[in-house]
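Trainee: For reference, the structure I am asking about is given below.
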Amino acid sequence: MNAAEVVNALLVQRFGVSSGDVTDDTPLRSLRIDSLALEELRVLIEDQLDIDLEDVPLTSRNTVGQLVAAVDGMVPA
């Protein structure tokens, strides 16, 4: 799975977000991803992709596309 697939799957399966609501331009906060949920999402992404996002500044104001880009930048080629 690539970064976008992992993020989208987690949002839908673990956070109950409708797959139709997940677009690159969608702010995480509009998906009801607050700071606590974002931290949980970060840990789940780290576990699934075996990466460390600790130093990546993310907030619920970021969009899904920004999150995917940040994750993509950490995944080894």
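Trainee: Can you pull out every residue in the range 49-70 that is within 18 Å of E5 (Cβ to Cβ) and exposed (fewer than 14 other Cβ atoms within 10 Å of the Cβ)?
Mentor: D50
Trainee: Please enumerate the residues belonging to the range 1-53 that are among the basic types (K, R), over 18 Å from M74 (Cα atoms) and part of a helix (DSSP H, G or I).
Mentor: Within the range 1-53, R29 is the sole residue that qualifies.
To keep it simple, each residue is scored yes or no on (1) modelled with pLDDT of 95 or more; (2) touching an Asp or Glu at 6+ places or on another chain (Cβ under 6 Å); (3) surrounded by fewer than 12 Cβ atoms within 10 Å (Cβ to Cβ).
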| position | (1), (2), (3) |
| --- | --- |
| A3 | no, yes, no |
| V6 | yes, no, no |
| L11 | yes, no, no |
| S19 | no, no, yes |
| V43 | yes, no, yes |
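Trainee: Moving on. Got at least one residue in the range 34-44 being touching a residue at least 12 places away in the same chain (Cβ under 8 Å) and of a type in the set (V, I, T)?
Mentor: No; the residues of the range 34-44 include none that is touching a residue at least 12 places away in the same chain (Cβ under 8 Å) and of a type in the set (V, I, T).
Trainee: Right, something else. Please go through the range 45-57 and give me each residue that is within 11 Å of the chain's Cα centre (by Cα) and touching a residue at least 24 places away in the same chain (Cβ under 8 Å), ordered by number.
Mentor: If the condition is that a residue be within 11 Å of the chain's Cα centre (by Cα) and touching a residue at least 24 places away in the same chain (Cβ under 8 Å), then I45 is the only one that fits.
Trainee: Can you name every residue in the range 21-33 that is surrounded by 12 or more Cβ atoms within 10 Å (Cβ to Cβ) and touching a Ser or Thr at 6+ places or on another chain (Cβ under 7 Å)?
Mentor: Result: D24, T26, P27, L28, R29, I33.
Trainee: Testing G73 on (1) buried (at least 17 other Cβ atoms within 10 Å of the Cβ); (2) of a type outside the set (D, E); (3) under 13 Å from N2 (Cα atoms), one condition comes back false. Which one is that?
Mentor: (1)
The values are calculated or read from the model by the stated rules, or taken from the named source; none is laboratory data. In this text, all values refer to a predicted model and were calculated from it rather than measured experimentally. Neighbour counts run over all protein chains shown; Cβ positions are idealised from the backbone, glycine included.
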